[in-house]
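In what follows, a structure is listed as structure tokens, so that the remarks can point back to it.
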């Protein structure tokens, strides 16, 4: 499963999550269902990030390694990005096209796209390296013209 493109993986997860979310919503109400789904996705992101950190050269996560693994998320033209700044301590880029957001809309899950995908980004940083911080003020999923990813490693 590690060699499966992330876009394909997210589609499978979204189709599965749709059914679980509908059941939770019917049983517990929408706010509780969203909270539970969000918590689960954040925990999955932390675990995935920790695994990536262990695979970094020397088992030491770094911004260089973090930059290198970004290609996993952009594979299959899943994201079109424009690098704004890339230094030893900063990696800033804009996402100008997001096939993840497009996929969630196609699946009729636009309202859950941020929970299923965008929420992972900050959680991934925490799990990968607590010194890596993400600042993002807007997303395509939220209706903006682009996503503004601003990573800084303390």
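Data for the structure
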| quantity | calculated |
| --- | --- |
| For residue 94: the one exception among (1) surrounded by 14 or more Cβ atoms within 10 Å (Cβ to Cβ); (2) out of contact with any strand residue (DSSP E or B) (no Cβ under 8 Å at 6 or more places or on another chain); (3) farther than 20 Å from residue 5 by Cα | (2) |
| So residue 102, is it in contact with a strand residue (DSSP E or B) (Cβ under 6 Å, 6 or more places away or on another chain), surrounded by 13 or more Cβ atoms within 10 Å (Cβ to Cβ) and more than 22 Å from residue 3 (Cβ to Cβ) | no |
| Selection count where residues are surrounded by fewer than 20 Cβ atoms within 10 Å (Cβ to Cβ), assigned to a loop (DSSP other than H, G, I, E, B) and in contact with a strand residue (DSSP E or B) (Cβ under 9 Å, 6 or more places away or on another chain), scope the stretch 110-154 | 7 |
| Residue match in the stretch 8-27 (condition: in a loop (DSSP other than H, G, I, E, B), modelled with pLDDT of 95 or more and over 21 Å from the mean Cα position of the chain (by Cα)) | no |
| One residue from 34, 42 being assigned to a helix (DSSP H, G or I), on the phi < 0 side of the Ramachandran plot, at pLDDT 95 or above and under 13 Å from the mean Cα position of the chain (by Cα) | 42 |
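The values are calculated or read from the model by the stated rules, or taken from the named source; none is laboratory data. Remember, predicted model here, so these are calculated numbers, not experimental data. Here Cβ is always computed from backbone atoms with ideal geometry, including for glycine, and neighbour counts include all displayed protein chains.
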